[in-house]
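Notes follow once the structure below has been shown.
The values are calculated or read from the model by the stated rules, or taken from the named source; none is laboratory data. Remember, it's a predicted structure, so these values are computed and weren't measured experimentally. All Cβ positions, even for glycine, are placed from backbone atoms using ideal geometry, and neighbour counts span all protein chains on display. The area values use the complete protein model at the heavy-atom level, side chains included, leaving out ligands, DNA and RNA. Shrake-Rupley method; radii C 1.70, N 1.55, O 1.52, S 1.80 Å.
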Amino acid sequence: MINVIISEELYNAAYVRDHTEGFAELKDRTTNTTPEAMAPICGIQPEVIRDVARGYATANGAMIFWGMGVSQHTHGTDNARCLIALALICGHIGRPGAGLHPLRGQNNVQGASDAGLIPMMYPDYRLVEDPSARRAYEELWATTLNPEAGLTVVEIIHAILADEIRGMYIMGENPAMSDPDTHHTRQALCKLNHLVVQDIFFTETAAFADVILPASAWPEKDGTVTNTDRRVQIGRKALQMPGDARQDWWIIQEIASRLGLDWSYSGPKDVHTEMQKCMPSMEHISWD
């Protein structure tokens, strides 16, 4: 599509000039990626690719939605970069009815990302390697923080197989099924000296675990979820937890206590209050 849009000069020249970098390099890299060359690879006829490219480029406003199949592919980062480049050369950014919209794979993935569950980010997407951000969180949490970014999911698997990681604590995730190369991932899980899985189901990953911690499901607890559009919704407990199931925050706090940390949250409201202290995006969100 990028090849068609550039070769037929359907791109937004003014937007490219004022708001992008590297257009000449993009043009060179896509010279040979014609619809005819790509059709055998993607299984879509050249005329369809051209029609879609022309329609996208000439629309008053166009949006790109994509799901986890794009981002969790073995070349997920490159996939996303291609979609971003496609939107940028057409100027479909920053206007009503235009933009890029990655759909998250599970409930509250957006909220988890906002809260810092990304290896190179603190809450609100402040970089781990940013000294000013690190100092702010060290002061808030009264502890010294590692100045280096953590590992991605794929990097963790490589590190296990390289004997650099010997134990893992996996919460609410099923990499034995969701990772791009499940055979590779399962090899790594087998190699761990100790694996703890915290979940509500006996997942494929839990089958590799030394310890399974029984978590609670969404109807069994109070808490919030954040939509992709950043709307925060509060949920109230509707059902009692079955058997030995426990609240996620309670399990984590009990482990922290046994590690000598003085954590004293009485519930998710206390966690929400702390998030408001360090996340400007949450300052206006009232728990009540």
Of all accessible heavy-atom area on the range 127-258, the percent that carbon and sulfur account for (1.4 Å) = 53 percent
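For a Förster distance of 25 Å, can you work out the FRET efficiency between the beta-carbons of Ile44 and Glu9, rounded to the nearest 0.05? Mind showing how you got there, number by number?
Working: r = 23 Å, r/R0 = 0.91.
The calculated FRET efficiency here is 0.65.
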All-pairs alpha carbon distance profile, the range 123-210, 10 Å steps from 0, percent = 16, 38, 26, 19, 0
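Mind pulling the per residue volume of the convex hull built on the Cα atoms of the range 1-63? Å³ is fine.
Values: hull volume 5.8 nm³, N = 63.
Cα convex hull per residue, to the nearest whole number: 92 Å³.
Ignoring ligands, DNA and RNA, what accessible area per residue does the range 1-128 give at 1.4 Å, in Å²?
Working: 7470 Å² over 128 residues.
Heavy-atom SASA per residue in the range 1-128 reads 58 Å².
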Connecting every pair of Cα atoms under 10 Å apart in the chain and solving the GNM, the largest mean-square fluctuation among Thr228, Thr20, Thr74 falls on Thr20
GluC sites (Glu not before Pro) in the range 1-67 lying in a DSSP loop, each with at most 14 other Cβ atoms within 10 Å of its Cβ, come to Glu8, Glu9, Glu21
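From the square roots a ≥ b ≥ c of the eigenvalues of the alpha-carbon gyration tensor of the range 102-153, which class results: rounded (a/c under 1.5), prolate (a/b over b/c), or oblate? Before the final figure, lay out each step's value.
Numbers: a/c = 2.60, a/b = 1.94, b/c = 1.34.
In terms of gyration-tensor shape, prolate.
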Using a Gaussian network model of the chain whose springs link C-alpha atoms within less than 10 Å, name the residue from Gly99, Gly172, Gly22 with the highest mean-square fluctuation.
-> Gly22
Burial ranking of peptide ranges 144-154, 51-61 (average Cβ count within 10 Å, highest at the top) = 51-61, 144-154
Here the gain from full extension of Ser257 to His184, 0.36 nm per residue of separation minus their alpha-carbon distance, amounts to 22.8 nm
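When the convex hull of the C-alpha atoms of the range 1-116 is computed, what volume per residue in Å³ does it have? Walk me through the intermediate numbers first.
Details: hull volume 15.4 nm³, N = 116.
Output value, Cα hull per residue: 133 Å³.
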Classified through the alpha carbon gyration tensor (a ≥ b ≥ c as square roots of its eigenvalues; rounded if a/c is under 1.5, else prolate when a/b is larger than b/c, else oblate), the range 27-66 comes out prolate
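Can you give me the Rg/Rh ratio for the range 132-266, using Cα atoms for both radii and the Kirkwood formula for Rh? Mind dumping the intermediate values first?
Working: Rg = 17.2 Å, Rh = 17.3 Å.
Reported Rg/Rh, Kirkwood definition of Rh: 0.99.
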Everything considered on the Cα gyration tensor (a ≥ b ≥ c; rounded for a/c under 1.5, else prolate if a/b is larger than b/c, else oblate), the chain must be described as prolate
Segment Asn174-Glu283, extension gain: residue separation times 0.36 nm, minus the distance between their alpha carbons | 36.0 nm
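If the only charges are +1 at each Lys and Arg Cβ and -1 at each Asp and Glu Cβ, what is the size of the charge dipole of the range 127-248 around the Cα centre, to the nearest 20 debye?
Values: 11 positive and 19 negative charges, 90 e Å.
Dipole about the Cα centre, nearest 20: 440 debye.
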Using the heavy atoms of the protein chains and a 1.4 angstrom probe, tell me the accessible area per residue for the range 179-288 in square angstrom.
-> 62 Å²
Charge dipole of the chain built from unit charges on the beta carbon (Lys, Arg +1; Asp, Glu -1), centred at mean Cα; most positive-end Cα among Leu239, Leu192, Pro180 is Leu239
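Computed over the Cα atoms of the range 173-243, what is the convex hull's projected area averaged over all directions, in nm²?
Working: hull surface 25.0 nm².
The directionally averaged projection comes out at 6.2 nm².
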Calculated FRET value between Asn107 and Thr152, using beta carbons and R₀ = 22 Å, to 0.05 | 0.50
Chymotrypsin sites (Phe, Trp or Tyr not before Pro), restricted to the range 161-230: which are DSSP loop and have at most 16 other Cβ atoms within 10 Å?
-> Phe201, Phe202
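Quick check: residue separation of Ala59 and Asp78 times 0.36 nm, minus the Cα distance between them. What number comes out in nm?
On the way: separation 19, 0.36 × 19 = 6.84 nm, distance 2.47 nm.
Additional length available on full extension: 4.4 nm.
Out of the total accessible area of the range 30-122 (probe 1.4 Å, heavy atoms of protein only), what percent is carbon and sulfur? Let's see the in-between values first.
Working: 3140 of 5170 Å².
Summing carbon and sulfur atoms, their accessible area is 61 percent of the total for the range 30-122.
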Scan the range 153-201 for trypsin sites (Lys or Arg not before Pro) in coil per DSSP, keeping those whose Cβ has at most 13 other Cβ atoms within 10 Å, and list them by number.
-> Arg166
